[in-house]
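The values are calculated or read from the model by the stated rules, or taken from the named source; none is laboratory data. Quick caveat: nothing in here was measured; it's all calculated off a predicted structure. Virtual Cβ from ideal backbone geometry, glycine too; neighbours counted across all protein chains shown.
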Amino acid sequence: MADVITYREAVAEGLARELRRDPSVVCLGEDIGAAGGVFKTTAGLFDEFGRERIWDTPISEQAILGAAMGAALTGLRPVAEIMFSDFFACCWDYLANEMPKLRYMTGGQVTVPVVVRTANGGGLGFGAQHSQAVENWALAVPGLKIAAPSTPADVVGLMAAAIRSDDPVVFFEHKGLFASKGPAAPPGHVVELGRAAVVRAGSDVTIVALAATVPLALSAAQRLASEGISAEVIDLRCLVPLDMATVLASVARTSRLLVVEENPYQGGWGATVASIVADEGNGVCGTSVLHITANTEDDWNIGNGRYNNGVAIHLVGGPMGNDGGGPAGNDGGAGFRPDAGRGGQMPAADAASFYETDGGTACTNCHGPTATMGPYRTVSHTPEQTGGFSDTDLQNIIWNGLVPDGGYFDPSVLVPGCDGGATCTAQARNAWHAFHRWTQCFGT
Amino acid sequence: MTAATEAGTVSPADLLGLYEQMAVIRGTEKAAHDLFLQGLVKGTSHLAAGQEAVAVGASAALRPDDYVFATYRGHHHAMARGASPAECLAELMSKASGLCHAKGGSMHLTKASAGMLGSYAIVGAHLPMAAGAAWSAMIRGTGQVAVAFFGDGATNIGAFHEALNLAAIWALPALFVCENNLYMEYTPISAVTAVPSPAAGRAASYGLPAEIVDGNDVVEVRDAVARAAARARSGHGPTILEARTYRHFGHSRTDPGTYRPAAEVEQWLLRDPLQLARVRLADLGVPERQVAEADERAAGVVREAVAEAKAAPGPDPADALRDVWADGGSSWRT
């Protein structure tokens with residue numbers, strides 16, 4: 001076999017290797033037999049293995065996956081093809097309710113060793129109903145394993161692991177990669193499910209990618225290198241199991257994370273990766289998520305020393321522009337302090353820009369049921385979150401209106417009806433910024 | 001499997017055995033109902049009282065290694081294939097000793113070791129699975145058949161039609177057995193279906209043979225399933241059976257079934273499967289005493305099952321995430 005093969009050829013090669021190795025492997029799907037598949041990803045299989053192993057089906061996605069599942073329950077290792085991943089919507093019951101649930105809901109009586117292959121992703125101009133990248137649909141369902149290779153060798157290696165898996169595996173073949181070429185897989189090549197690959201080493205930023213975004217990330221890394229930035233590129237290869245160990249180890253070195261996903265922003269695997277890094281990354285990319293919410297009595301009753309009832313944060317420095325170097329620093333002479341109103345030299349507890357005292361009223365002057373001034377009595381940052389920020393974070397939040405990495409700012413709290421658009425978000429941020437510099441809280 | 005007999009004939013001993021199986025199922029379903037009323041069963045339940053003859057008759061015609069797929073109204077199929085009343089009731093009561101270790105509940109009774117490959121609560125979903133099990137049997141050359149039991153309501157969902165077509169074109173050793181109890185849930189099936197016989201009436205579309213049978217007559221069901229299974233095993237493909245039957249309770253435990261005319265209910269209760277079997281037993285000369293003894297044995301089995309299920313411990317919370325994956329675990333990341 002050639003040293004270099006296409007991703008498309010690798011699909012057929014990966015299937016052929018398992019069909020040769022294990023007589024219980026059978027394939028079914030639309031046009032996969034003599035036609036060789038609409039993407040020619042099953043080319044040659046019908047000739048080599050015949051009708052007893054390679055089964056053409058009607059256009060019946062439910063029957064394809066249901067039959068595959070029934071066969072998987074009774075001694076075969078079926079590999080079902082759903083021609084385009086968009087068509088998962090036609091047979092979603094099997095991917096959401098049946099294959100992933102049966103083992104659990106029978107108390108472990110059965111296994112479902114089935115592979116569902118599909119052509120996924122955009123870029124070929126097939127329109128809105130044949131171009132979606134839907135791996136996040138599968139990610140939302142516990143009980144499915146998910147592979148999405150980016151190279152021909154990984155196609156073969158992950159196909160072997162998927163077919164040998166006793167759990168259901170959804171195998172996303174990327175349409176945009178079918179024509180791409182790469183080194184052929186060595187004999188017996190198996191890539192264990194749930195092992196990401198560091199496909200380019202780097203030290204300044206970690207780029208996490210999957211399937212078609214892997215070559216994109218590699219291309220970006222190449223460009224960054226010319227600008228003196230060293231990017232590490234990780235190919236996740238699988239979403240379940242998700243190899244966060246590799247991502248966390250990389251981020252621990254680079255301190256920066258970029259996820260590159262061919263998907264709508266909301267609810268994607270990139271958000272999952274980012275949230276795990278925020279949660280477990282030891283703060284290298286920021287550990288706090290800042291929510292500004294409409295508060296409740298409980299928010300205030302829960303209390304957080306730093307925020308509400310106990311320790312207050314004071315700006316060190318004088319009233320008239322001499323505020324001691326808080327990050328925003330330049331009060332233009334207003335010198336307002338949250339705890340004591342304008343004016344007055346506050347004693348510094350230490351040499352830092354901020355100090356804390358018990359019993360201050362820094363925030364409760366303006367927030368919460370005891371607030372007597374300002375329009376934000378019913379708006380709060382939740383106490384736990386505020387308590388979780390470092391002093392530096394708080395300085396940046398309060399004085400500069402800067403949200404730490406991993407945080408977010410909800411503009412609709414300050415500008416009712418704001419839909420996240422640039423203009424109203426800027427208005428909200430300005431209002432918040434101004435407020436926390438106390439120019440309006442104590443203003444005219 | 002009862003001894004092969006001429007259609008419509010059955011030995012007194014075989015029929016008494018079938019009768020006792022049905023009596024056990026009936027008693028278990030009533031016990032389940034009572035346990036619900038006592039608050040000892042959580043969730044919902046869809047009782048099969050009245051439909052026992054379909055499960056027991058079919059099982060009598062099947063091989064032990066054949067496959068059965070049932071619906072959320074599937075207690076009778078689990079028990080007919082060998083699940084004990086105790087393990088069924090324990091499952092309903094979320095006990096560790098339940099068939100599915102308290103992870104399935106009433107709608108998912110499964111006894112895989114007996115070829116009873118699940119009860120499915122998405123209407124029609126298991127028909128393609130049964131086709132797949134039959135496909136597997138054909139490929140492996142085992143001579144097994146796969147049976148999908150489903151309600152009349154399933155005949156209007158896409159999976160039903162996709163499964164029939166696939167089974168037909170591949171001549172799969174599959175049996176599609178509709179338990180037509182006249183109501184999809186609360187609505188008469190006749191009000192929402194274009195043909196009078198919701199399952200059998202669709203057979204011609206797929207070039208399949210179909211039979212309409214008295215689903216309350218255990219012998220008639222047994223014989224029809226035996227014919228269809230023989231046909232399937234000999235390579236002649238699937239058959240549709242439409243068993244006309246009736247449920248004694250409502251659709252689910254919250255449904256008193258008031259939408260059913262009283263006269264209709266009364267008429268069907270007269271044709272109760274146990275009553276029909278008693279008439280047949282009398283015709284065969286089986287003494288009433290023997291029938292009463294069978295009833296007593298069945299009642300004893302149910303009594304013990306209730307006591308056993310009540311006494312069983314609940315599941316260990318540490319097992320809550322067991323068995324998501326084949327290795328027993330639930331981890332989704334490293």
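Could you look through region B:103-121, keep only residues that are touching a helix residue (DSSP H, G or I) at 6+ places or on another chain (Cβ under 7 Å) and more than 7 Å from chain A (Cβ to nearest Cβ), and pick out the one that is surrounded by the fewest Cβ atoms within 10 Å (Cβ to Cβ)?
Of everything passing the filter in region B:103-121, B:121 is surrounded by the fewest Cβ atoms within 10 Å (Cβ to Cβ).
Looking at B:212, B:139, B:169, B:157, which is the one that is touching a Pro at 6+ places or on another chain (Cβ under 8 Å) and surrounded by fewer than 23 Cβ atoms within 10 Å (Cβ to Cβ)?
Values: B:212 fails: touching a Pro at 6+ places or on another chain (Cβ under 8 Å); B:139 fails: touching a Pro at 6+ places or on another chain (Cβ under 8 Å); B:157 fails: touching a Pro at 6+ places or on another chain (Cβ under 8 Å).
Exactly one residue qualifies, and that residue is B:169.
Among the residues of region B:122-156, what is the count of those that are at the interface with chain A (Cβ under 9 Å from one of its Cβ atoms), closer than 19 Å to residue A:98 by Cα and part of a loop (DSSP other than H, G, I, E, B)? Can you show your working first?
The first filter runs over region B:122-156 and keeps only residues at the interface with chain A (Cβ under 9 Å from one of its Cβ atoms), leaving B:122, B:124-137, B:139-140, B:142, B:144, B:146.
Add one more test, that the residue is closer than 19 Å to residue A:98 by Cα, and what stays is B:122, B:124-136, B:146.
Now drop any that are not part of a loop (DSSP other than H, G, I, E, B), which leaves B:122, B:124-125.
Qualifying residue count for the region: 3.
Cβ contacts < 6 Å: first residue within 26 Å of residue A:72 (Cβ to Cβ), restricted to region A:111-132; second residue surrounded by fewer than 17 Cβ atoms within 10 Å (Cβ to Cβ), any location; separation 6+ or different chain. Result?
So the pair list comes out as A:111/A:166; A:111/B:326; A:113/A:166.
Residues that are within 14 Å of another protein chain (Cβ to nearest Cβ), at least 2 per element: which strands (runs of 3 or more DSSP E) completely within region A:217-278 meet that? Spell out the reasoning first.
Values: elements: A:231-235, A:238-240, A:257-259.
In region A:217-278, the matching strands (runs of 3 or more DSSP E) lie at A:238-240.
Kindly provide the set of residues from region A:204-218 that are over 13 Å from residue A:231 (Cα atoms) and touching a helix residue (DSSP H, G or I) at 6+ places or on another chain (Cβ under 6 Å), ordered by number.
A:212
For region A:216-240, which residues satisfy the criterion of being crowded, with 19+ Cβ neighbours inside 10 Å and of a type outside the set (A, V, I, L, M)?
A:232, A:235, A:237, A:238
Which residues, taken from region B:47-81, are aliphatic (A, V, I, L, M) and part of a helix (DSSP H, G or I)? Quick ask: steps written out before the conclusion?
Initially, region B:47-81 is screened for residues aliphatic (A, V, I, L, M), giving B:47-49, B:53-56, B:58, B:60-62, B:68, B:70, B:78-80.
Answer for region B:47-81, where residues must be aliphatic (A, V, I, L, M) and part of a helix (DSSP H, G or I): B:53, B:54, B:55, B:56, B:58, B:60, B:61, B:78, B:79, B:80.
With surrounded by fewer than 23 Cβ atoms within 10 Å (Cβ to Cβ), within 9 Å of chain B (Cβ to nearest Cβ) and polar (S, T, N, Q) as the only criterion, which of A:136, A:97 stands out? Can you show your working first?
Numbers: A:136 fails: within 9 Å of chain B (Cβ to nearest Cβ).
Result of the check over A:136, A:97: A:97.
Any chance you could count how many residues in region A:101-115 are at the interface with chain B (Cβ under 7 Å from one of its Cβ atoms) and assigned to a loop (DSSP other than H, G, I, E, B)? Give the steps one after another, and end with the answer.
Pass one, region A:101-115, residues at the interface with chain B (Cβ under 7 Å from one of its Cβ atoms): A:102-111.
From what is left, the residues that are assigned to a loop (DSSP other than H, G, I, E, B) are A:106-111.
Qualifying residue count, region A:101-115: 6.
Can you say whether residue A:230 is in the same structural domain as residue A:103 (by TED's automatic domain parsing), farther than 20 Å from residue A:262 by Cα and either in contact with a strand residue (DSSP E or B) (Cβ under 6 Å, 6 or more places away or on another chain) or modelled with pLDDT of 95 or more (or both), as far as the supplied structure shows? Lay out the reasoning, then the answer.
Values: in the same structural domain as residue A:103 (by TED's automatic domain parsing): no; farther than 20 Å from residue A:262 by Cα: yes; either in contact with a strand residue (DSSP E or B) (Cβ under 6 Å, 6 or more places away or on another chain) or modelled with pLDDT of 95 or more (or both): yes.
For residue A:230, the condition - in the same structural domain as residue A:103 (by TED's automatic domain parsing), farther than 20 Å from residue A:262 by Cα and either in contact with a strand residue (DSSP E or B) (Cβ under 6 Å, 6 or more places away or on another chain) or modelled with pLDDT of 95 or more (or both) - is not met.
Please tell me if residue A:57 is within 12 Å of another protein chain (Cβ to nearest Cβ), touching a strand residue (DSSP E or B) at 6+ places or on another chain (Cβ under 7 Å) and among the polar types (S, T, N, Q). So that I can check it myself, show each step before the final result.
Values: within 12 Å of another protein chain (Cβ to nearest Cβ): yes; touching a strand residue (DSSP E or B) at 6+ places or on another chain (Cβ under 7 Å): yes; among the polar types (S, T, N, Q): yes.
Yes; evaluated as a whole, the condition is true for this residue.
Do you know which residues across region A:142-189 are in contact with a Ser or Thr (Cβ under 6 Å, 6 or more places away or on another chain) and within 13 Å of chain B (Cβ to nearest Cβ)?
Matches in region A:142-189: A:166 only.
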